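*Asks:* Please see the structure below; I have some questions.
The values are calculated or read from the model by the stated rules, or taken from the named source; none is laboratory data. The shown structure was predicted, so the numbers you read here are calculated from the model rather than taken from an experiment. We place every Cβ from the backbone using ideal geometry, glycine too, and count neighbours over all the protein chains shown. Areas reflect the complete protein model, heavy atoms only, side chains present, ligands, DNA and RNA absent. Shrake-Rupley method; radii C 1.70, N 1.55, O 1.52, S 1.80 Å.
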Amino acid sequence: MKAQVGMMEVNETLDTIAPSAAFEPQAAWQKLRVMLRDRLGETAFRRWLEPVIGTIENSVEGEPTLILALPTRFMRDWVEAHYGDTIRTMWHQLIKQGRVDFSVVSPLTKTNTPLATVEAQPLTDSMASIARDDLPSYGSTTQLGSSPVTMVPDLDPRFTFENFVVGKPNELAYAAARRVADTDNPSFNPLFLYGSVGLGKTHLMHAIAWHIRKNYPKRRVIYMSAEKFMYQFVRALRYKDTVAFKDQFRSVDVLMIDDVQFIGGKDTTQEEFFHTFNALVDRNRQVIISADKSPQDLDRMEERLRSRLGWGLVADLHPITYELRLGILHAKAEKMGCAIPDKVLEFLAHKITSNVRELEGALNRIAAHSQLVGRIITLEMTQEVLTDLLRASERRITIDEIQKKVAEHYNIRLSDMHSARRARQVARPRQVAMYLAKQLTPRSLPEIGRKFGGRDHTTVIHAVRKIEELSAYDPSFREDVDLLRRLLQG
Ligand code: ADP
Ligand code: MG
């Protein structure tokens, strides 16, 4: 289904996108394969690129994205790490725009048709007929035969509850997800999961879908990204077939919409979403939403929708702590069946602080390296293999940046971050900056102290405690600090 939709999307929007595109996307993908074979040689090509399935999906802005799917995560990470840049450069040469994403073919995406087998369509003539043919496929839940779980073509088999490592930062979201997965009488509706990128929102949603599919096979689940929701809706409007669009939600027991921030500023989509949402909640069906911000903080979202989204349970995924990072690394290493010394795991947990996705990436890379080159994993080897990644993650947020952003935010002078002034209006922001430095950089307490006018590490500890304490009983203060964190994490 994805490939067909993808093709249709391409055909449908090509007339509205840059006319300068040198190649039509399918032809470009064929051409790209030939170029890669030339560049890499037969052996490497056979081994890594032959199995790649290329599909093209259009982003809402009409940018064609080349999605390269590989049979395993290991292969995906390897190909992306080693050939990603080359492929992206070539793709841009061919098509002048658009993105390249790497993914894993999930066992549920059987309907994926490789682009290679899809014949090139004339761009404009066939557009309407393809589009019409495609329409009923999302309207009819019965099409999938005996499986009542519908619209979940992209469930990642690894995103299960069993594989989710729980710690302080995500325990509420996890508990809430388990609860909704096991009840057919929602006690909170909607469940709103939020947190910044790579912290496990999608993982939890897929886990809910898997759990229901396994334990309550009669319940109907729809999982969809907000982007897809919007895209389908807009397309339904265009072809005056909103009935089919609405129909698909009619008999659903659980509706999950991922990354709802994407419909910010899209008024008609919001309107439609609002109706769908209300209809389901009124009928006591479970709705689960994720976003990168809390309902109140969602940008360009209609007020009534914003407030409606916050009616149920709002559970946030906090930035991962050192303990959780280490826990996740242990779990993943074990799963991969890969002997990785504790020292290496601790090193990674210490250095890679941003999110779980990056942690996984690092682990995969050293495992791949060790398997292919036949080297055992040591700290030195890890540092060597991950040089660029470590540099990038260190570069990401510096104490200087934190000081600057915090000073700006509280409207104090940057020099006050280093000064001895103790007046509350400068001391508090300084404590916030120390707290963020501890959270967002791998610097030690004494190092942080030094950066703040040569203060002692106990001053930093005191600052961290103070901010945690204030955050605990003053929600508006906590939001302020969270906002700064998000700004810094970009
Ligand atoms: P988000 O949707 O919040 O951006 P994802 O759910 O896609 O993040 O998670 C990114 C990656 O990190 C996924 O591979 C996911 O399996 C993994 N991950 C996130 N949180 C955890 C966790 N607590 N335990 C195990 N894996 C996790
Ligand atoms: Mg996600």
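*Asks:* Work out, step by step, the length gained on full extension between T242 and R46: first 0.36 nm times the residue separation, then minus their alpha carbon distance; give nm to one decimal.
*Replies:* Computed gain between T242 and R46 is 66.1 nm.
*Asks:* Identify all lysines with a Cα-Cα distance to K240 below 24 Å; exclude those on the same chain that are fewer than 8 residues away in sequence.
*Replies:* Within the straight-line limit of under 24 Å, K240 reaches these lysines: K2, K228, K266.
*Asks:* So what are the ³J(HN,Hα) numbers for the range 91-99, from phi and the Karplus equation (6.51, -1.76, 1.60; θ = phi - 60°), rounded to whole Hz, Gly and Pro as x?
*Replies:* Listing the rounded values in order: 4, 5, 4, 7, 10, 6, 6, x, 10 Hz.
*Asks:* Using a ≥ b ≥ c from the Cα gyration tensor of the range 216-296 (square roots of the eigenvalues), is it rounded, prolate or oblate, where a/c under 1.5 gives rounded and otherwise the larger of a/b and b/c decides, a/b for prolate?
*Replies:* oblate
*Asks:* Ignoring everything but the protein chains, give the 1.4 Å probe accessible area of R179 in square angstrom, nearest 10.
*Replies:* That residue has around 130 Å² of solvent-accessible surface.
*Asks:* Going by a ≥ b ≥ c, the root eigenvalues of the Cα gyration tensor, does the range 311-358 fall in the rounded group (a/c under 1.5), the prolate group (a/b larger than b/c) or the oblate group?
*Replies:* Verdict is prolate for the range 311-358.
*Asks:* Give me the distance between the Cα centres of the range 182-244 and the range 300-324, rounded to whole Å.
*Replies:* Measuring centre to centre over Cα atoms gives 16 Å.
*Asks:* Counting only protein heavy atoms and a 1.4 Å probe, tell me what percentage of the range 280-327's accessible area is made up of carbon and sulfur.
*Replies:* In the range 280-327, the share of accessible area belonging to carbon and sulfur is 48 percent.
*Asks:* Between the range 393-448 and the range 372-386, how far is it from one alpha carbon centroid to the other, in angstrom?
*Replies:* Cα centroid of the range 393-448 versus Cα centroid of the range 372-386: 35 Å apart.
*Asks:* Rounded to whole Å and sorted largest first, what semi-axes of the equivalent ellipsoid does the C-alpha gyration tensor of the range 410-490 yield via the square root of 5 times each eigenvalue?
*Replies:* Over the Cα atoms of the range 410-490, the ellipsoid semi-axes are 18, 15, 13 Å.
*Asks:* Could you work out how far apart the two model spin labels at Q30 and D388 are, taking each label as a point 7 Å from the Cα in the direction of the beta carbon, and quote it in nm?
*Replies:* Spacing of the two 7 Å Cα→Cβ label points: 3.2 nm.
*Asks:* Pop the C-beta distance of T268 and K96 into the FRET formula with R0 = 30 Å and round what comes out to the nearest 0.05.
*Replies:* So, using R0 = 30 Å, E works out to roughly 0.50.
*Asks:* By how many nm would the segment from T89 to H350 grow when fully extended, if each residue of separation counts as 0.36 nm and the alpha-carbon distance is taken off?
*Replies:* Contour length minus the Cα-Cα distance gives 90.7 nm.
*Asks:* Spelling out what I want: for every residue of the range 196-205, take phi, set θ = phi - 60°, compute 6.51 cos²θ - 1.76 cosθ + 1.60 (Karplus), and round to whole Hz; glycine and proline get x.
*Replies:* 6, 4, x, 9, x, 5, 5, 4, 5, 5
*Asks:* Can you give the FRET efficiency for K466 and W311, using 1/(1 + (r/R0)^6), R0 = 45 Å, r = Cβ-Cβ distance, to the nearest 0.05?
*Replies:* Working from the Cβ atoms, E equals 0.85.
*Asks:* Which value, in Å², gives the accessible area per residue of the range 154-221 when a 1.4 Å probe is used on the protein heavy atoms?
*Replies:* 43
*Asks:* Can I ask one more? Once you place label points 7 Å from the Cα toward the Cβ at R39 and E447, how far apart are they in nm?
*Replies:* Label at R39, label at E447, 3.6 nm between them.
*Asks:* May I ask you to list the residues of the range 441-478 whose amide nitrogen lies under 14 Å from a point 7 Å from Cα along the Cα→beta-carbon direction of A427?
*Replies:* Within reach of a label on A427: 459-460, 462-464, 466-467.
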